[in-house]
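Working notes, structure below.
A short reminder: the numbers here are calculations on the coordinates, not readings from a lab. Being a predicted model, the structure only gives us computed values, none of them experimental. All Cβ positions, glycine included, derive from the backbone under ideal geometry; neighbour counts span all protein chains shown.
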Amino acid sequence: MMIIGCDFHPSWQQIAVLDDGTGELAERRLKNGDGEAERFYRALAAPSLVGIEACGNSEWLIELLEQLGHEVWIGDAAQIRASYVRKQKTDRRDAAHILRLLVEGRFPRLWRPSAGERDVRQLLIHRHKLVEIRSRVKNGLQHLMLNRGVQKKHRLWTEAGQRALCELPLEGWAACRRRDLLQLLKQLDCMIGKLDGAAQKAAEEDEVARLLMTQPGVGPITSLAFRVTIGDAARFQRGKQVASYLGLIPREHSSGGRQQLGSISKQGNRFVRGLLVEAAQTAVRLDEGFRKQYQHRCHSMEKGVAKVAAARRLAVRLYWMMRTHTAYPEIVHNESSSRVALVGAS
């Protein structure tokens, strides 16, 4: 079997190849754009093992290798770099280092979602990007009103607010800007509405997403995003690991018996982390347990910190709902006992 360490770049890739039968070692630089890389992998005897760092724009290569029957391992780029002690960094050294980790069994392999989960991720990311564009369009319309001394805030999007916006006396390019932004806002609302319907349908068809939506404050977008990001809940042993995976635990720099904690690490999925913070703000209104703990934290810390703490607690609860297949409100009564039982069994 051939074992390949691949240092991937958008236009080309550096590979180190080892034939574990003969022990022969080779290095090559393959171009992606002219088909050289694809021809090399098609001529490669299957199955072969290919290791690659987690990076963007490499999905086509991973799908090609899987279609050809090769085994693809995706590694944590930070851990791969941390295990490389040399100060000299070149593409050849990187490819050889990845190959060495594969051969020695030290490759930090990452979990990879299924094709269906990756497709749902594209749906959620596409909707999220359109919502961001719509927010910019709305901000532009708000500025047009403010520059004429009219402040409507959220009332601008009511029927009366829209009528006032259309009747606002504007001339020249300001009037053109208003017309274009209103037209763009209408198109975005239509596009986002279709994606909302698709997300609602996907959440209703997914058993785990339906389970998560029983938690007050969690809707189809948050439940789907959490579902496809966490994947198999059994790969986490504790709720703290889920919070760490999503970047909801504090930075720490402790030494000599002195503990120093900072703000949250933000090492994880920023999209899901933002959704959890938004869902937690709704949960503190609808869930009595969340509300009491949130109000108690607000007495001793800033509201922003209390919101993040509520998001962390929400993430841990959703994890235990997935892990124990328990819906709300039953999870409130038995989540503590479930943790003890599962941790003791693991």
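Calculate the tail of P(r) for the stretch 76-150: the fraction of all Cα-Cα distances greater than 17 Å, expressed in %. For the stretch 76-150, the fraction of Cα-Cα distances above 17 Å is 68 percent. Placing a label point 7 Å from the Cα of V305 along the Cα-to-Cβ direction, the residues of the stretch 253-275 with a backbone N closer than 13 Å are 261-264.
Restricting attention to the chain, close to 65% of DSSP beta bridges with both partner residues there are antiparallel. Computed 3J(HN,Hα) for the stretch 57-68, one whole-Hz value per residue from the Karplus formula 6.51 cos²θ - 1.76 cosθ + 1.60 where θ = phi - 60°, is 6, 10, 4, 4, 5, 5, 5, 4, 4, 5, 5, 7, glycine and proline marked x. Which pairs break 19 Å Cα to Cα here: K240/K307; K240/K303; K153/K307; K194/K307? Table pairs above 19 Å Cα-Cα are K240/K303; K153/K307; K194/K307. Length gained on full extension, L168 to H154: 3.3 nm, using 0.36 nm per residue less the C-alpha separation.
Using R₀ = 35 Å, calculate the FRET efficiency as 1/(1 + (r/R₀)^6) where r is the Cβ-Cβ separation of F271 and R28; round to 0.05.
Here the calculated transfer efficiency is 0.45.
For the stretch 1-148, a Kirkwood radius taken over Cα pairs fed into Stokes-Einstein (37 °C, viscosity 0.692 mPa s) yields D = 187 µm²/s. Computed 3J(HN,Hα) for the stretch 217-223, one whole-Hz value per residue from the Karplus formula 6.51 cos²θ - 1.76 cosθ + 1.60 where θ = phi - 60°, is x, 9, x, x, 5, 5, 5, glycine and proline marked x.
For the chain, a crude dipole built from +1 on the beta carbon of Lys and Arg and -1 on the beta carbon of Asp and Glu, taken about the Cα centre, is about 1800 debye to the nearest 20. Annotation for the stretch 281-325 versus the stretch 105-179: alpha-carbon center distance of 27 Å.
Entry note, the chain: relative contact order of 11 percent, from Cα contacts under 8 Å with a spacing of 6+ residues.
Per residue, the convex hull around the alpha carbon atoms of the stretch 257-297 comes to 103 Å³. The stretch between D189 and W111 holds 24.6 nm of extra length on full extension. This uses 0.36 nm per residue minus the Cα-Cα distance. Between the residues S83, V284, A54, the greatest Cα displacement towards the positive end of the dipole of the chain, with unit charges on the Cβ of Lys, Arg, Asp and Glu, is found for V284.
If the segment from A175 to Q79 were pulled out straight at 0.36 nm per residue, it would be longer than the present Cα-Cα gap by 29.2 nm. Spread over its residues, the convex hull of the C-alpha atoms of the stretch 211-346 is 121 Å³ per residue. Scoring 63-69, 237-243, 318-324 by mean Cβ neighbours within 10 Å over their residues and listing the highest first yields 318-324, 237-243, 63-69. For the chain, a Kirkwood hydrodynamic radius built from all Cα pairs, placed in the Stokes-Einstein relation at 20 °C and 1.002 mPa s, yields a translational diffusion coefficient of 89 µm²/s.
Summing Lys and Arg as +1 and Asp and Glu as -1 over all other residues whose Cβ lies under 11 Å from the Cβ of L146 gives a net charge of +3. Each peptide in 13-21, 27-35 gets a packing score, the mean of other Cβ atoms within 10 Å over its residues, and the list from highest to lowest is 13-21, 27-35.
Note on the stretch 201-263: with charges restricted to the Cβ of Lys and Arg (+1) and Asp and Glu (-1), its dipole about the Cα centre is near 360 debye.
Alpha-carbon geometry of the stretch 122-261: the Rg and the Dmax are 21.8, 67 Å, given in that order. Using +1 at the C-beta of Lys and Arg and -1 at the C-beta of Asp and Glu, which of G193, H128, G172 has the Cα lying farthest in the positive direction of the dipole of the stretch 88-195? It is H128, whose Cα lies furthest towards the positive end. Counting each pair of different Cα atoms once, what's the Kirkwood radius of the stretch 174-232 in Å, rounded to one decimal? About 13.2 Å, per the Kirkwood formula over Cα pairs.
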